[in-house]
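Take a look at the structure below.
Any read-out appearing in this document is the output of simple, stated calculations on the displayed coordinates, not a laboratory observation. All figures in this text were calculated on a predicted structure; none of them were measured in a lab. Here Cβ is always computed from backbone atoms with ideal geometry, including for glycine, and neighbour counts include all displayed protein chains.
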């Protein structure tokens, strides 16, 4: 099965409301949980991340929650704006040998409706 | 900001032909990665490298080779391109899996 499962794949919200994206994982050793945003025609860019010593992190309108016991982490965008319309990816480092590689979720297309 | 440059931006190839995608980074990052992006699959790792001279298989390496001749350059090679390799390919560099990845602008490859 997938090492990182991301849901939903498509999300439409009204401007000003909140949007939530969830990811679940299998590897209990994971300790770093980033989120990337990809605008149409652009490359993915890191927007927020959280490490395992935290349960919550907020940067402006972005909130990340981490539940290590349940092996889930989520991105919440409060007061969504049209500029938040994009694809969002969660990711996890997957340990291999002496280093890590980043494995991405399947992505969520967020559309903010004015 | 970290700079990762990919070339070409767009490429049309014929089935059975050889395709080379190039990536250059000026960040002095040890790690470089090649991903492909397809609808419904997100970003999938093809090959990666820990430094000059090293290449490692990612999650979907079949049909692809990689070359890392220097710290700055990392190439993805399709020896015998197939239509199933039509995709958008992203190169990225980083200090390691637990740190930020910096992506290039992508290469859109169409194999006819």
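At a Förster radius of 41 Å, what calculated FRET efficiency corresponds to the Cβ-Cβ distance of residue A:28 and residue B:27, to the nearest 0.05?
Numbers: r = 32 Å, r/R0 = 0.77.
For residue A:28 and residue B:27, the calculated efficiency is 0.85.
Quick one: divide the alpha-carbon radius of gyration of chain A by 2.2 N^0.38 Å and tell me what you get.
Values: Rg = 13.8 Å, N = 114, 2.2 N^0.38 = 13.3 Å.
Computed over Cα atoms of chain A, the ratio equals 1.04.
At an R0 of 45 angstrom, the distance between the Cβ atoms of residue B:62 and residue A:12 translates into a FRET efficiency of 0.80. If you take the alpha carbon atoms of chain B and fit the smallest convex hull around them, that volume is 91 Å³ per residue.
Kirkwood hydrodynamic radius of the protein assembly as shown from all distinct Cα pairs, in Å?
Values: mean 1/r = 0.0556 Å⁻¹.
Hydrodynamic radius (Kirkwood, Cα only) of the protein assembly as shown equals 18.0 Å.
Between residue A:62 and residue A:5, the FRET efficiency estimated from the beta carbon spacing at R0 = 25 angstrom works out to 0.75. Comparing A:22, A:31, A:43 in a Gaussian network model of chain A, where Cα atoms under 10 Å apart are tied by springs, the biggest mean-square fluctuation is seen for A:43. Below 8 Å between Cα atoms, with a sequence gap of 6+, how large is the relative contact order for chain B in percent? Taking the mean separation of contacting Cα pairs over the length of chain B, I get 36 percent.
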